[in-house]
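See structure below.
The values are calculated or read from the model by the stated rules, or taken from the named source; none is laboratory data. Just so it is clear, the model here is predicted, and its values are computed rather than measured. Here the Cβ is made from the backbone with ideal geometry for all residues, glycine too, and neighbour counts use every protein chain on show.
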Amino acid sequence: MQLLLGRSPPASVHSKHHSCVGQTRPCNAGVAYGGSSSSNSSSRRRRLGHLQPARAAGTGGDAELSLEQKLAAELAARQAAEAKAAESAAAAAFDGTALLGLLRQKYGRSYDVSLVQRTYLGKVFIALNIMWRYKEQQSFSYTEEEYMQRLDYVAAALVSWGVVRSVQSQLAATKERPRVGKAVSIMLDVPGDKAREWIAV
């Protein structure tokens with residue numbers, strides 16, 4: 001067997017692999033154009049492949065958002081129904097005597113009350129004022145009967161406006177007390193036109 005050591009490679013090998021003679025790694029010379037074309041095609045396929053899932057994800061996201069909105073609307077409707085039922089239950093037994101009970105429980109006195117309406121920057125505000133005068137004073141302006149009539153009237157207005165629970169919770173939470181010249185105001189969420197039925201402006 002004849003070894004070919006020391007012989008020069010054929011000219012064709014020199015022309016195609018001129019820089020790779022003697023290297024131990026495979027030479028990629030001469031295949032650059034084919035590799036580039038294949039790489040570009042693969043890159044395009046990858047880009048197109050990324051676009052389709054994005055559109056699908058967008059559709060799913062819209063459906064998920066729509067479901068969340070539906071659930072939120074159902075929850076809000078349920079909460080509104082529960083609040084309405086609770087208000088109806090509170091209003092069913094609410095009258096002047098119940099209002100007097102709230103005042104005595106909070107302050108230990110039978111304070112006078114009044115409904116007031118104020119307009120500020122074009123917006124109407126309605127409030128229940130707990131006045132500083134109280135029935136246990138000798139100088140109190142009303143008889144027992146007149147005082148209870150006032151309480152009954154105010155309680156009827158609160159029931160009509162649907163704010164009994166609001167008054168109960170605000171009165172329980174406030175740390176203010178009536179003092180001479182300053183009433184405790186409990187703000188009520190009542191439209192001005194509805195309030196005019198009960199308040200003489």
**Message:** Every residue in the range 95-118 that is under 18 Å from Ile199 (Cβ atoms) and without any contact (Cβ under 8 Å) to a residue 12 or more places away in the chain, please.
**Reply:** Arg118
**Asked** Is there a residue being of a type in the set (Ser, Thr, Tyr), at pLDDT below 95 and within 14 Å of Ile199 (Cα to Cα) anywhere in the range 157-167?
**Response** yes
**Message:** Could you check the range 134-156 and list, in sequence order, the residues that are among the polar types (S, T, N, Q) and either over 21 Å from Trp198 (Cα atoms) or in contact with a Lys or Arg (Cβ under 6 Å, 6 or more places away or on another chain) (or both)?
**Reply:** Gln137, Gln138, Ser139, Ser141, Thr143
